1. Going by what's in this entry, would Ser273 be described as polar (S, T, N, Q), buried (at least 16 other Cβ atoms within 10 Å of the Cβ) and in contact with a strand residue (DSSP E or B) (Cβ under 8 Å, 6 or more places away or on another chain)?
2. Output the number of the condition that Lys286 fails; it satisfies all remaining conditions of (1) in contact with an Asp or Glu (Cβ under 7 Å, 6 or more places away or on another chain); (2) outside any helix (DSSP H, G or I).
3. Of the residues Tyr230, Tyr191, which is away from ligand 2 (no atom under 16 Å from the Cβ), farther than 26 Å from Thr258 by Cβ and of a type outside the set (Gly, Ala, Ser)?
4. What do you reckon, is Leu204 away from ligand 2 (no atom under 16 Å from the Cβ) and in a loop (DSSP other than H, G, I, E, B)?
5. Are any residues in the stretch 135-156 near ligand 1 (Cβ under 10 Å from one of its atoms), of a type in the set (Lys, Arg) and free of Cβ contacts under 8 Å to residues at least 60 places away in the same chain, and if so, which ones?
6. Is it true that some residue in the stretch 308-330 is in a loop (DSSP other than H, G, I, E, B) and small (Gly, Ala, Ser)?
7. Do we find that Gln257 is within 16 Å of ligand 2 (Cβ to nearest atom) and touching a helix residue (DSSP H, G or I) at 6+ places or on another chain (Cβ under 9 Å) in this structure?
8. For the stretch 146-177, name all the residues that are assigned to a helix (DSSP H, G or I), under 30 Å from Leu375 (Cβ atoms) and touching a strand residue (DSSP E or B) at 6+ places or on another chain (Cβ under 6 Å).
Amino acid sequence: MDIAQVVDLLDDLLFDKTGLHLDFIQKSVLEGTLQDQTYAEIALKSGYSESHVGDTASDLWKLLSQLLGEKVRKANVKAILEKTNFSSAIISNTSSNITVTNNINLCSNNTYPNNNSPPTQKKSIPKLHLNNAPKFPYFYGRNNELSTLKDWIINQQIHLITIFGISGIGKTAIALHLINEIPQHFDYIIYRSLYFSPSLTTTLTNLLQIFSPLEIPNDIESQINLFIDYLTQYQCLIILDDIQNLFTNQKLAGTWQTDRTSYNLLFQAIAQSSHNSNIILLSQEKWQEIQQLEKSNYPIKSLILSGLDSDTAEILHHQNLENEELWSQLITIYQGHPLWLDFTATLILHLYAGNVSQFLEYNQLIVPEGVRSHLDRQWQKLAPTEQTIMLQLAQETAPIGISKITHKIDLVATEIVNSILSLKMRFLLETETTENGNFISLIPILKEYIKSRYLLNLPDKGYNN
Ligand SMILES: Nc1ncnc2c1ncn2[C@@H]1O[C@H](COP(=O)(O)OP(=O)(O)OP(=O)(O)O)[C@@H](O)[C@H]1O
Ligand SMILES: [Mg+2]
(Lines give C-alpha, C1' and ligand atoms only; values in the text may rest on other atoms or scores of the structure.)
(Ligands and ions follow the chains in the order given, each with its own letter.)
Protein backbone atom coordinates (compact mmCIF):
# COMPACT_ATOMS: atom_id res chain seq x y z
CA MET A 1 0.00 0.00 0.00
CA ASP A 2 1.28 3.47 -0.90
CA ILE A 3 0.37 5.13 2.39
CA ALA A 4 0.95 8.73 1.25
CA GLN A 5 -1.27 8.17 -1.78
CA VAL A 6 -4.04 6.55 0.26
CA VAL A 7 -4.02 9.44 2.74
CA ASP A 8 -4.20 11.92 -0.15
CA LEU A 9 -7.11 10.07 -1.75
CA LEU A 10 -8.94 9.90 1.54
CA ASP A 11 -8.32 13.62 1.98
CA ASP A 12 -9.77 14.23 -1.52
CA LEU A 13 -12.84 12.17 -0.68
CA LEU A 14 -13.33 14.07 2.56
CA PHE A 15 -12.89 17.41 0.82
CA ASP A 16 -15.28 16.36 -1.92
CA LYS A 17 -17.95 15.62 0.67
CA THR A 18 -17.35 18.32 3.23
CA GLY A 19 -15.10 20.99 1.75
CA LEU A 20 -12.64 20.31 4.60
CA HIS A 21 -9.28 18.60 4.64
CA LEU A 22 -7.71 16.21 7.12
CA ASP A 23 -5.63 18.24 9.53
CA PHE A 24 -2.10 17.54 10.72
CA ILE A 25 -2.93 15.31 13.68
CA GLN A 26 -5.58 13.35 11.78
CA LYS A 27 -3.03 12.66 9.05
CA SER A 28 -0.44 11.65 11.66
CA VAL A 29 -2.86 9.20 13.26
CA LEU A 30 -3.83 7.76 9.91
CA GLU A 31 -0.29 7.40 8.59
CA GLY A 32 0.96 5.94 11.87
CA THR A 33 -1.87 3.43 12.07
CA LEU A 34 -1.29 2.32 8.48
CA GLN A 35 2.38 1.77 9.47
CA ASP A 36 1.18 -0.43 12.37
CA GLN A 37 2.34 2.06 15.03
CA THR A 38 0.76 2.26 18.49
CA TYR A 39 -0.91 5.47 19.71
CA ALA A 40 2.08 5.97 22.05
CA GLU A 41 4.47 5.81 19.07
CA ILE A 42 2.32 8.21 17.02
CA ALA A 43 2.19 10.61 20.00
CA LEU A 44 5.96 10.55 20.37
CA LYS A 45 6.51 11.20 16.69
CA SER A 46 3.89 13.91 16.27
CA GLY A 47 4.46 15.84 19.50
CA TYR A 48 0.94 15.36 20.91
CA SER A 49 0.00 13.65 24.14
CA GLU A 50 -1.00 10.00 23.90
CA SER A 51 -4.49 10.74 25.23
CA HIS A 52 -5.02 13.43 22.59
CA VAL A 53 -3.90 11.05 19.86
CA GLY A 54 -6.31 8.43 21.26
CA ASP A 55 -9.22 10.92 21.29
CA THR A 56 -8.42 12.13 17.77
CA ALA A 57 -8.20 8.55 16.52
CA SER A 58 -11.55 7.68 18.05
CA ASP A 59 -13.20 10.69 16.31
CA LEU A 60 -11.38 9.87 13.08
CA TRP A 61 -12.63 6.27 12.98
CA LYS A 62 -16.20 7.56 13.45
CA LEU A 63 -15.69 10.04 10.65
CA LEU A 64 -14.26 7.40 8.33
CA SER A 65 -17.15 5.07 9.18
CA GLN A 66 -19.54 7.79 7.97
CA LEU A 67 -17.50 8.47 4.87
CA LEU A 68 -16.95 4.88 3.83
CA GLY A 69 -20.24 3.41 4.99
CA GLU A 70 -18.79 0.65 7.21
CA LYS A 71 -17.56 0.42 10.78
CA VAL A 72 -13.94 1.54 10.86
CA ARG A 73 -11.64 0.76 13.82
CA LYS A 74 -7.87 0.89 14.36
CA ALA A 75 -7.75 -2.84 13.81
CA ASN A 76 -9.49 -2.87 10.43
CA VAL A 77 -8.77 0.55 8.89
CA LYS A 78 -5.86 -0.77 6.80
CA ALA A 79 -7.90 -3.64 5.35
CA ILE A 80 -10.86 -1.35 4.57
CA LEU A 81 -8.74 1.32 2.86
CA GLU A 82 -6.94 -1.34 0.81
CA LYS A 83 -10.20 -2.41 -0.80
CA THR A 84 -11.75 1.07 -1.20
CA ASN A 85 -12.14 2.41 -4.73
CA PHE A 86 -11.70 6.09 -3.99
CA SER A 87 -12.42 7.52 -7.43
CA SER A 88 -15.79 5.81 -7.65
CA ALA A 89 -16.59 6.77 -4.04
CA ILE A 90 -15.97 10.40 -4.89
CA ILE A 91 -18.05 10.30 -8.08
CA SER A 92 -20.90 8.23 -6.76
CA ASN A 93 -21.38 10.33 -3.66
CA THR A 94 -21.20 13.86 -4.98
CA SER A 95 -24.93 14.42 -4.67
CA SER A 96 -24.94 13.60 -0.97
CA ASN A 97 -22.03 15.81 0.00
CA ILE A 98 -23.94 18.40 1.88
CA THR A 99 -25.77 15.98 4.13
CA VAL A 100 -22.47 14.60 5.27
CA THR A 101 -21.12 18.12 5.79
CA ASN A 102 -23.92 18.77 8.21
CA ASN A 103 -23.22 15.75 10.31
CA ILE A 104 -19.54 15.87 11.03
CA ASN A 105 -17.33 18.11 13.01
CA LEU A 106 -13.79 17.52 11.97
CA CYS A 107 -11.84 19.59 14.40
CA SER A 108 -13.91 19.50 17.51
CA ASN A 109 -11.32 19.25 20.25
CA ASN A 110 -8.03 19.76 18.51
CA THR A 111 -5.22 21.61 20.18
CA TYR A 112 -2.00 22.41 18.43
CA PRO A 113 1.46 21.89 19.89
CA ASN A 114 3.74 24.91 19.83
CA ASN A 115 5.52 23.98 16.66
CA ASN A 116 2.39 23.18 14.66
CA SER A 117 0.24 26.03 13.38
CA PRO A 118 -3.47 25.38 12.86
CA PRO A 119 -4.56 24.52 9.33
CA THR A 120 -5.30 27.61 7.27
CA GLN A 121 -8.76 26.72 5.93
CA LYS A 122 -11.86 28.10 7.60
CA LYS A 123 -13.10 25.46 10.01
CA SER A 124 -16.70 26.45 10.53
CA ILE A 125 -19.33 24.49 8.65
CA PRO A 126 -21.67 26.79 6.70
CA LYS A 127 -25.33 26.97 7.55
CA LEU A 128 -27.15 25.43 4.62
CA HIS A 129 -30.59 26.57 3.49
CA LEU A 130 -31.23 24.49 0.42
CA ASN A 131 -34.89 23.71 1.13
CA ASN A 132 -36.29 23.43 -2.35
CA ALA A 133 -33.06 22.76 -4.23
CA PRO A 134 -33.51 19.93 -6.73
CA LYS A 135 -31.28 16.86 -6.36
CA PHE A 136 -29.27 15.77 -9.37
CA PRO A 137 -27.87 12.24 -9.31
CA TYR A 138 -25.01 12.91 -11.74
CA PHE A 139 -22.76 15.78 -12.65
CA TYR A 140 -20.12 15.64 -15.37
CA GLY A 141 -17.66 18.05 -16.93
CA ARG A 142 -18.03 21.84 -16.73
CA ASN A 143 -14.49 22.10 -15.33
CA ASN A 144 -13.74 25.38 -17.11
CA GLU A 145 -17.02 26.95 -16.05
CA LEU A 146 -16.51 25.82 -12.44
CA SER A 147 -12.97 27.24 -12.41
CA THR A 148 -14.26 30.55 -13.76
CA LEU A 149 -17.00 30.74 -11.12
CA LYS A 150 -14.59 29.85 -8.33
CA ASP A 151 -12.13 32.48 -9.54
CA TRP A 152 -14.86 35.13 -9.63
CA ILE A 153 -16.05 34.23 -6.15
CA ILE A 154 -12.84 33.48 -4.29
CA ASN A 155 -10.20 35.61 -6.01
CA GLN A 156 -12.14 38.46 -7.57
CA GLN A 157 -14.94 38.88 -4.99
CA ILE A 158 -17.59 39.37 -7.65
CA HIS A 159 -20.76 40.27 -5.77
CA LEU A 160 -23.33 39.52 -8.43
CA ILE A 161 -22.95 36.65 -10.89
CA THR A 162 -25.55 35.72 -13.47
CA ILE A 163 -25.62 32.32 -15.13
CA PHE A 164 -27.63 32.31 -18.34
CA GLY A 165 -28.60 29.60 -20.79
CA ILE A 166 -31.55 27.90 -22.42
CA SER A 167 -33.80 25.69 -20.37
CA GLY A 168 -32.25 22.36 -19.40
CA ILE A 169 -28.67 23.33 -20.23
CA GLY A 170 -27.59 22.84 -16.60
CA LYS A 171 -27.73 26.22 -14.80
CA THR A 172 -29.23 24.83 -11.61
CA ALA A 173 -27.00 21.76 -11.77
CA ILE A 174 -23.75 23.74 -12.00
CA ALA A 175 -24.77 26.24 -9.31
CA LEU A 176 -25.61 23.46 -6.88
CA HIS A 177 -22.46 21.56 -7.77
CA LEU A 178 -20.42 24.69 -7.09
CA ILE A 179 -21.71 24.64 -3.52
CA ASN A 180 -20.02 21.27 -3.02
CA GLU A 181 -16.69 22.66 -4.09
CA ILE A 182 -16.37 25.79 -1.97
CA PRO A 183 -18.50 25.49 1.17
CA GLN A 184 -15.61 26.37 3.46
CA HIS A 185 -15.64 29.98 2.27
CA PHE A 186 -19.09 30.77 3.59
CA ASP A 187 -21.08 31.24 6.76
CA TYR A 188 -24.38 30.77 4.94
CA ILE A 189 -25.24 28.98 1.70
CA ILE A 190 -28.79 29.58 0.51
CA TYR A 191 -30.75 28.40 -2.54
CA ARG A 192 -34.13 29.84 -3.43
CA SER A 193 -36.16 29.28 -6.58
CA LEU A 194 -38.35 32.14 -7.79
CA TYR A 195 -40.30 29.66 -9.94
CA PHE A 196 -43.67 30.84 -8.67
CA SER A 197 -42.72 34.46 -9.25
CA PRO A 198 -42.88 35.69 -5.62
CA SER A 199 -43.01 39.42 -4.91
CA LEU A 200 -39.74 41.05 -3.83
CA THR A 201 -41.01 41.52 -0.31
CA THR A 202 -41.90 37.82 -0.02
CA THR A 203 -38.41 36.84 -1.20
CA LEU A 204 -36.69 39.34 1.11
CA THR A 205 -38.78 38.36 4.12
CA ASN A 206 -37.95 34.73 3.44
CA LEU A 207 -34.22 35.51 3.21
CA LEU A 208 -34.15 37.83 6.20
CA GLN A 209 -35.84 35.21 8.37
CA ILE A 210 -32.80 33.01 7.88
CA PHE A 211 -30.57 35.57 9.60
CA SER A 212 -32.98 36.83 12.23
CA PRO A 213 -36.61 35.75 12.46
CA LEU A 214 -37.52 38.62 14.80
CA GLU A 215 -36.84 41.99 13.21
CA ILE A 216 -38.22 42.21 9.69
CA PRO A 217 -39.18 45.72 8.57
CA ASN A 218 -42.26 46.31 6.43
CA ASP A 219 -41.01 48.60 3.70
CA ILE A 220 -38.88 47.36 0.81
CA GLU A 221 -36.12 49.94 1.27
CA SER A 222 -35.49 48.94 4.90
CA GLN A 223 -35.68 45.26 3.95
CA ILE A 224 -33.04 45.74 1.26
CA ASN A 225 -30.81 47.73 3.64
CA LEU A 226 -31.09 45.09 6.33
CA PHE A 227 -30.38 42.35 3.80
CA ILE A 228 -27.20 44.16 2.69
CA ASP A 229 -26.20 44.50 6.37
CA TYR A 230 -26.37 40.72 6.69
CA LEU A 231 -24.39 40.28 3.47
CA THR A 232 -21.72 42.45 5.11
CA GLN A 233 -21.84 40.79 8.49
CA TYR A 234 -21.64 37.25 7.08
CA GLN A 235 -20.07 35.66 4.04
CA CYS A 236 -23.05 34.31 2.15
CA LEU A 237 -23.45 32.44 -1.09
CA ILE A 238 -27.03 32.93 -2.25
CA ILE A 239 -28.42 31.36 -5.40
CA LEU A 240 -31.66 32.82 -6.77
CA ASP A 241 -32.97 30.49 -9.47
CA ASP A 242 -35.62 30.86 -12.21
CA ILE A 243 -35.37 34.64 -12.53
CA GLN A 244 -37.00 34.31 -15.98
CA ASN A 245 -40.31 33.55 -14.26
CA LEU A 246 -40.44 37.19 -13.13
CA PHE A 247 -40.91 38.17 -16.77
CA THR A 248 -44.09 38.22 -18.86
CA ASN A 249 -44.89 35.42 -21.29
CA GLN A 250 -45.56 36.28 -24.94
CA LYS A 251 -43.65 39.55 -24.65
CA LEU A 252 -40.05 40.25 -25.68
CA ALA A 253 -37.32 38.80 -23.44
CA GLY A 254 -36.79 40.51 -20.11
CA THR A 255 -40.19 42.25 -20.00
CA TRP A 256 -40.86 42.43 -16.26
CA GLN A 257 -44.24 41.55 -14.84
CA THR A 258 -45.48 44.97 -13.74
CA ASP A 259 -45.27 44.33 -10.01
CA ARG A 260 -41.90 42.56 -10.14
CA THR A 261 -39.65 45.37 -11.46
CA SER A 262 -38.56 46.20 -7.90
CA TYR A 263 -36.20 43.19 -8.04
CA ASN A 264 -33.90 45.55 -9.95
CA LEU A 265 -33.51 47.61 -6.75
CA LEU A 266 -32.27 44.52 -4.96
CA PHE A 267 -29.86 43.51 -7.74
CA GLN A 268 -28.53 47.07 -7.93
CA ALA A 269 -27.99 47.22 -4.18
CA ILE A 270 -26.17 43.87 -4.22
CA ALA A 271 -23.90 45.03 -7.04
CA GLN A 272 -23.22 48.52 -5.75
CA SER A 273 -22.81 48.10 -1.97
CA SER A 274 -19.63 46.89 -0.41
CA HIS A 275 -20.20 43.56 1.39
CA ASN A 276 -18.63 40.12 1.71
CA SER A 277 -21.11 37.92 -0.10
CA ASN A 278 -21.78 36.44 -3.51
CA ILE A 279 -25.20 36.25 -5.12
CA ILE A 280 -25.76 34.06 -8.16
CA LEU A 281 -28.81 34.65 -10.38
CA LEU A 282 -29.91 31.89 -12.77
CA SER A 283 -32.05 32.79 -15.77
CA GLN A 284 -33.09 31.53 -19.19
CA GLU A 285 -33.13 35.06 -20.52
CA LYS A 286 -31.22 38.31 -20.09
CA TRP A 287 -32.83 41.60 -19.21
CA GLN A 288 -31.91 45.20 -19.99
CA GLU A 289 -31.16 46.41 -16.47
CA ILE A 290 -28.66 43.64 -15.75
CA GLN A 291 -26.92 44.36 -19.05
CA GLN A 292 -26.65 48.02 -18.03
CA LEU A 293 -25.23 47.06 -14.64
CA GLU A 294 -22.73 44.74 -16.34
CA LYS A 295 -21.41 47.66 -18.39
CA SER A 296 -20.61 49.58 -15.19
CA ASN A 297 -17.49 49.06 -13.11
CA TYR A 298 -19.34 47.24 -10.36
CA PRO A 299 -18.29 43.68 -9.48
CA ILE A 300 -20.70 41.84 -11.77
CA LYS A 301 -19.99 39.04 -14.21
CA SER A 302 -22.13 36.77 -16.30
CA LEU A 303 -21.55 33.25 -17.54
CA ILE A 304 -23.43 31.91 -20.54
CA LEU A 305 -23.72 28.13 -20.48
CA SER A 306 -23.56 26.25 -23.72
CA GLY A 307 -23.69 22.46 -24.14
CA LEU A 308 -21.35 19.91 -22.59
CA ASP A 309 -18.45 18.95 -24.83
CA SER A 310 -18.03 15.46 -26.25
CA ASP A 311 -15.40 14.67 -23.61
CA THR A 312 -18.30 14.32 -21.25
CA ALA A 313 -19.67 11.27 -23.04
CA GLU A 314 -20.04 9.58 -19.67
CA ILE A 315 -23.22 11.63 -19.26
CA LEU A 316 -24.78 8.73 -21.21
CA HIS A 317 -23.18 6.09 -19.01
CA HIS A 318 -26.01 5.59 -16.54
CA GLN A 319 -28.48 4.97 -19.39
CA ASN A 320 -26.72 1.69 -20.28
CA LEU A 321 -26.42 2.56 -23.95
CA GLU A 322 -24.32 0.46 -26.28
CA ASN A 323 -21.73 1.56 -28.87
CA GLU A 324 -19.72 3.77 -26.56
CA GLU A 325 -17.57 4.84 -29.51
CA LEU A 326 -20.63 6.62 -30.96
CA TRP A 327 -21.65 8.52 -27.84
CA SER A 328 -19.63 11.60 -28.72
CA GLN A 329 -21.56 11.76 -32.03
CA LEU A 330 -24.82 11.86 -30.10
CA ILE A 331 -23.44 14.63 -27.91
CA THR A 332 -22.50 16.66 -30.98
CA ILE A 333 -25.89 16.16 -32.68
CA TYR A 334 -27.84 17.19 -29.58
CA GLN A 335 -25.44 20.11 -28.92
CA GLY A 336 -24.26 18.65 -25.60
CA HIS A 337 -27.59 19.66 -24.08
CA PRO A 338 -27.86 17.38 -21.03
CA LEU A 339 -31.64 17.26 -20.90
CA TRP A 340 -32.09 16.64 -24.63
CA LEU A 341 -29.42 13.95 -24.43
CA ASP A 342 -31.24 12.34 -21.55
CA PHE A 343 -34.53 12.20 -23.50
CA THR A 344 -32.70 10.88 -26.57
CA ALA A 345 -30.91 8.20 -24.56
CA THR A 346 -34.23 7.07 -23.06
CA LEU A 347 -35.75 6.81 -26.52
CA ILE A 348 -32.77 4.77 -27.77
CA LEU A 349 -33.06 2.50 -24.77
CA HIS A 350 -36.77 1.85 -25.19
CA LEU A 351 -36.98 1.61 -28.96
CA TYR A 352 -33.57 0.27 -29.99
CA ALA A 353 -32.64 -1.68 -26.85
CA GLY A 354 -29.82 0.81 -26.29
CA ASN A 355 -28.24 0.38 -29.73
CA VAL A 356 -26.93 3.83 -30.66
CA SER A 357 -25.70 2.66 -34.03
CA GLN A 358 -29.23 1.75 -35.20
CA PHE A 359 -30.59 5.07 -33.99
CA LEU A 360 -27.92 6.99 -35.91
CA GLU A 361 -28.80 5.16 -39.15
CA TYR A 362 -31.51 7.77 -39.79
CA ASN A 363 -30.39 10.45 -42.17
CA GLN A 364 -32.73 12.87 -40.50
CA LEU A 365 -32.45 14.55 -37.13
CA ILE A 366 -34.89 12.98 -34.64
CA VAL A 367 -36.55 15.19 -32.04
CA PRO A 368 -37.71 12.88 -29.24
CA GLU A 369 -41.13 13.63 -27.78
CA GLY A 370 -39.62 14.67 -24.43
CA VAL A 371 -37.51 17.28 -26.22
CA ARG A 372 -40.53 18.43 -28.23
CA SER A 373 -42.70 19.05 -25.21
CA HIS A 374 -39.78 20.74 -23.45
CA LEU A 375 -39.38 23.03 -26.48
CA ASP A 376 -43.16 23.57 -26.62
CA ARG A 377 -42.90 25.31 -23.26
CA GLN A 378 -40.16 27.62 -24.55
CA TRP A 379 -42.12 28.30 -27.73
CA GLN A 380 -45.24 29.31 -25.80
CA LYS A 381 -43.26 31.96 -23.92
CA LEU A 382 -42.19 33.74 -27.12
CA ALA A 383 -43.78 36.94 -28.39
CA PRO A 384 -45.73 36.41 -31.67
CA THR A 385 -43.11 38.46 -33.57
CA GLU A 386 -40.33 36.19 -32.26
CA GLN A 387 -42.31 33.13 -33.41
CA THR A 388 -42.66 34.67 -36.87
CA ILE A 389 -38.89 35.12 -37.12
CA MET A 390 -38.21 31.58 -35.88
CA LEU A 391 -40.64 30.18 -38.49
CA GLN A 392 -38.83 32.09 -41.22
CA LEU A 393 -35.41 30.96 -40.00
CA ALA A 394 -36.55 27.33 -39.90
CA GLN A 395 -37.18 27.55 -43.65
CA GLU A 396 -33.77 29.00 -44.50
CA THR A 397 -31.14 26.57 -45.73
CA ALA A 398 -28.21 28.74 -44.65
CA PRO A 399 -27.53 31.56 -42.17
CA ILE A 400 -29.28 34.71 -43.36
CA GLY A 401 -28.26 38.37 -43.10
CA ILE A 402 -30.28 40.45 -40.64
CA SER A 403 -31.12 43.04 -43.30
CA LYS A 404 -32.19 40.30 -45.72
CA ILE A 405 -34.65 38.70 -43.33
CA THR A 406 -36.40 42.04 -42.81
CA HIS A 407 -37.44 41.88 -46.50
CA LYS A 408 -38.93 38.42 -46.08
CA ILE A 409 -41.16 39.17 -43.11
CA ASP A 410 -44.26 41.28 -43.17
CA LEU A 411 -43.46 43.38 -40.11
CA VAL A 412 -41.96 46.83 -39.63
CA ALA A 413 -38.17 46.79 -39.37
CA THR A 414 -38.15 47.99 -35.74
CA GLU A 415 -40.33 45.04 -34.68
CA ILE A 416 -38.09 42.61 -36.52
CA VAL A 417 -34.82 43.96 -35.15
CA ASN A 418 -36.11 44.11 -31.56
CA SER A 419 -37.48 40.59 -31.85
CA ILE A 420 -34.16 39.26 -33.19
CA LEU A 421 -32.39 40.89 -30.24
CA SER A 422 -34.93 39.35 -27.91
CA LEU A 423 -34.31 35.87 -29.34
CA LYS A 424 -30.60 36.48 -28.78
CA MET A 425 -31.30 37.40 -25.17
CA ARG A 426 -33.00 33.99 -24.87
CA PHE A 427 -30.01 32.20 -26.47
CA LEU A 428 -32.20 30.76 -29.22
CA LEU A 429 -30.23 32.18 -32.15
CA GLU A 430 -26.84 31.41 -33.60
CA THR A 431 -25.13 34.59 -34.75
CA GLU A 432 -22.07 34.97 -36.87
CA THR A 433 -20.22 38.04 -38.11
CA THR A 434 -18.32 37.87 -41.39
CA GLU A 435 -16.89 40.48 -43.73
CA ASN A 436 -20.22 40.28 -45.59
CA GLY A 437 -22.24 41.28 -42.52
CA ASN A 438 -24.09 39.75 -39.59
CA PHE A 439 -25.89 36.45 -40.05
CA ILE A 440 -28.38 34.58 -37.94
CA SER A 441 -29.58 30.99 -37.95
CA LEU A 442 -31.19 28.34 -35.76
CA ILE A 443 -29.39 25.37 -34.25
CA PRO A 444 -30.39 22.16 -36.11
CA ILE A 445 -32.54 20.71 -33.36
CA LEU A 446 -34.63 23.87 -33.02
CA LYS A 447 -35.00 24.03 -36.77
CA GLU A 448 -36.18 20.43 -36.91
CA TYR A 449 -38.56 21.02 -34.00
CA ILE A 450 -40.19 24.01 -35.72
CA LYS A 451 -40.36 22.25 -39.09
CA SER A 452 -41.94 19.11 -37.72
CA ARG A 453 -44.22 20.96 -35.30
CA TYR A 454 -45.48 23.91 -37.29
CA LEU A 455 -44.43 23.72 -40.91
CA LEU A 456 -44.98 20.13 -42.05
CA ASN A 457 -48.53 18.81 -42.52
CA LEU A 458 -49.60 19.17 -38.89
CA PRO A 459 -52.67 21.36 -39.41
CA ASP A 460 -53.92 20.96 -35.85
CA LYS A 461 -50.78 22.50 -34.40
CA GLY A 462 -51.39 26.22 -34.01
CA TYR A 463 -48.40 28.40 -33.14
CA ASN A 464 -49.29 28.39 -29.50
CA ASN A 465 -50.18 24.74 -29.01
N1 LIG B 1 -23.02 18.74 -16.01
C2 LIG B 1 -24.04 17.87 -15.98
N3 LIG B 1 -23.82 16.54 -15.84
C4 LIG B 1 -24.86 15.68 -15.82
N5 LIG B 1 -26.15 16.03 -15.92
C6 LIG B 1 -26.43 17.33 -16.05
C7 LIG B 1 -25.40 18.32 -16.09
N8 LIG B 1 -25.98 19.52 -16.23
C9 LIG B 1 -27.30 19.31 -16.27
N10 LIG B 1 -27.57 18.00 -16.14
C11 LIG B 1 -28.90 17.39 -16.16
O12 LIG B 1 -29.70 18.08 -17.11
C13 LIG B 1 -30.99 18.35 -16.59
C14 LIG B 1 -31.26 19.84 -16.68
O15 LIG B 1 -30.37 20.54 -15.84
P16 LIG B 1 -30.83 21.84 -15.04
O17 LIG B 1 -32.14 21.61 -14.38
O18 LIG B 1 -29.69 22.25 -14.19
O19 LIG B 1 -31.04 22.85 -16.24
P20 LIG B 1 -31.44 24.40 -16.14
O21 LIG B 1 -30.54 25.13 -17.07
O22 LIG B 1 -31.45 24.82 -14.71
O23 LIG B 1 -32.90 24.37 -16.74
P24 LIG B 1 -34.13 25.38 -16.43
O25 LIG B 1 -33.76 26.71 -17.01
O26 LIG B 1 -35.31 24.76 -17.13
O27 LIG B 1 -34.29 25.44 -14.94
C28 LIG B 1 -31.00 17.80 -15.16
O29 LIG B 1 -31.66 16.56 -15.19
C30 LIG B 1 -29.57 17.60 -14.80
O31 LIG B 1 -29.38 16.46 -14.01
MG1 LIG C 1 -32.94 25.41 -13.43
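The values are calculated or read from the model by the stated rules, or taken from the named source; none is laboratory data. Just so we're clear, the structure is a prediction, and the values are computed from it rather than from any experiment. Every residue, glycine as well, gets a Cβ built from its backbone with ideal geometry; the counts of neighbours run over all protein chains shown.
1. Values: polar (S, T, N, Q): yes; buried (at least 16 other Cβ atoms within 10 Å of the Cβ): yes; in contact with a strand residue (DSSP E or B) (Cβ under 8 Å, 6 or more places away or on another chain): no.
When the stated conditions are applied, Ser273 does not pass them.
2. For Lys286, the failing item is (1).
3. Working: Tyr191 fails: away from ligand 2 (no atom under 16 Å from the Cβ).
Going through Tyr230, Tyr191 in turn, just one is away from ligand 2 (no atom under 16 Å from the Cβ), farther than 26 Å from Thr258 by Cβ and of a type outside the set (Gly, Ala, Ser): Tyr230.
4. Working: away from ligand 2 (no atom under 16 Å from the Cβ): yes; in a loop (DSSP other than H, G, I, E, B): no.
Against the criterion (away from ligand 2 (no atom under 16 Å from the Cβ) and in a loop (DSSP other than H, G, I, E, B)), Leu204 does not qualify.
5. Passing the criteria: only Lys135.
6. Restricting attention to the stretch 308-330, the residues satisfying the condition of being in a loop (DSSP other than H, G, I, E, B) are 308-309, 320-323.
From what's left, small (Gly, Ala, Ser): none.
No, the stretch 308-330 has no match at all.
7. Answer is no for this residue.
8. If the condition is that a residue be assigned to a helix (DSSP H, G or I), under 30 Å from Leu375 (Cβ atoms) and touching a strand residue (DSSP E or B) at 6+ places or on another chain (Cβ under 6 Å), then Lys171, Thr172, Ala175 are the ones that fit.
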